[in-house]
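K.L.:
First the structure, which I've put down as structure tokens, then a few questions once you've had a look.
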Amino acid sequence: MSDGKAAGTHETRQRIVTAGTELFRRTGYTGTGMKQIAGAAGAPFGSIYHFFPGGKAQLGEEVIRTSGAVYLELIAELTAPYADRVAATEAAFTAAAGTLAELDFADPCPIATVALEVASTSEPLRQATADVFGSWIDHLADYYARGGVPEQAARDTASSVIALLEGAFMLGRATRSTAPVLAAATAAAAVVRAARDGA
């Protein structure tokens with residue numbers, strides 16, 4: 001295979017994953033058809049099964065793991081400028097509120113969307129979402145521990161922060177308002193502050 005053809009093949013696969021990510025985020029896993037994904041990707045329908053012979057479930061797992069890695073990088077970028085973990089947490093939630101509004105209150109997180117839909121019906125997809133959430137919690141737990149939160153409390157703190165964010169996204173979408181995310185910003189900052197200060 002020539003380099004040009006290999007690059008084109010990679011680009012087609014990436015377009016399919018990107019289209020799947022966007023559609024799963026906007027219309028959910030069960031509400032998205034493979035023909036929709038092919039159309040959005042500008043790819044022949046058969047090419048999806050060429051790259052993902054396991055069909056929608058295999059593509060779904062790829063979307064979850066790829067998106068999860070991207071969001072993990074985003075978490076790191078949002079928190080990196082802040083030495084103070086409380087300020088970093090509040091700033092990250094405030095940025096998330098802005099993102100929710102920019103997306104016209106579509107779900108900014110395809111991981112949660114898929115998890116809510118298929119966690120009880122698809123073990124591979126449930127495991128993929130669990131792995132992604134676990135990677136986020138691991139990262140935040142380490143980040144908080146390095147910022148003065150006792151190691152034992154750091155993981156619980158990280159889990160609480162992720163839960164607050166995902167719940168706030170759901171309420172924000174339902175109410176078409178950033179208010180739940182901004183309220184969660186204050187609550188998450190308080191959780192981190194209490195863990196750090198041993199309250």
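The values are calculated or read from the model by the stated rules, or taken from the named source; none is laboratory data. Bear in mind that the values here come from a model prediction, so they are computed numbers and not experimental data. As a convention, Cβ positions derive from the backbone with ideal geometry for all residues, glycine included, and neighbour counts pool all protein chains shown. Only protein heavy atoms, including side chains, enter the accessible area calculation; ligands, DNA and RNA are left aside. Shrake-Rupley method; radii C 1.70, N 1.55, O 1.52, S 1.80 Å.
K.L.:
Only one of VAL114, VAL149 is hydrophobic (A, V, I, L, M, F, W, C), part of a helix (DSSP H, G or I), at negative phi and open to solvent by less than 10 Å² (accessible area, probe 1.4 Å). Can you tell me which?
P.N.:
The unique qualifying residue is VAL114.
K.L.:
Would you check which residues across the stretch 139-154 are without any contact (Cβ under 8 Å) to a residue 12 or more places away in the chain and within 23 Å of the chain's Cα centre (by Cα) and list them?
P.N.:
If the condition is that a residue be without any contact (Cβ under 8 Å) to a residue 12 or more places away in the chain and within 23 Å of the chain's Cα centre (by Cα), then ALA145 is the only one that fits.
K.L.:
Looking at ALA163, ALA168, ALA185, ALA189, can you tell me which residue is without any contact (Cβ under 8 Å) to a residue 40 or more places away in the chain and part of a helix (DSSP H, G or I)?
P.N.:
It is ALA163.
K.L.:
Quick one: which residue in VAL161, VAL114 is of a type in the set (Val, Ile, Thr) and at pLDDT below 95?
P.N.:
VAL114
K.L.:
From the set of residues in the stretch 123-180 that are of a type in the set (A, V, I, L, M, F, W, C) and touching an Asp or Glu at 6+ places or on another chain (Cβ under 7 Å), which is farthest from ARG193 (Cα to Cα)?
P.N.:
Top of the filtered list is LEU125.
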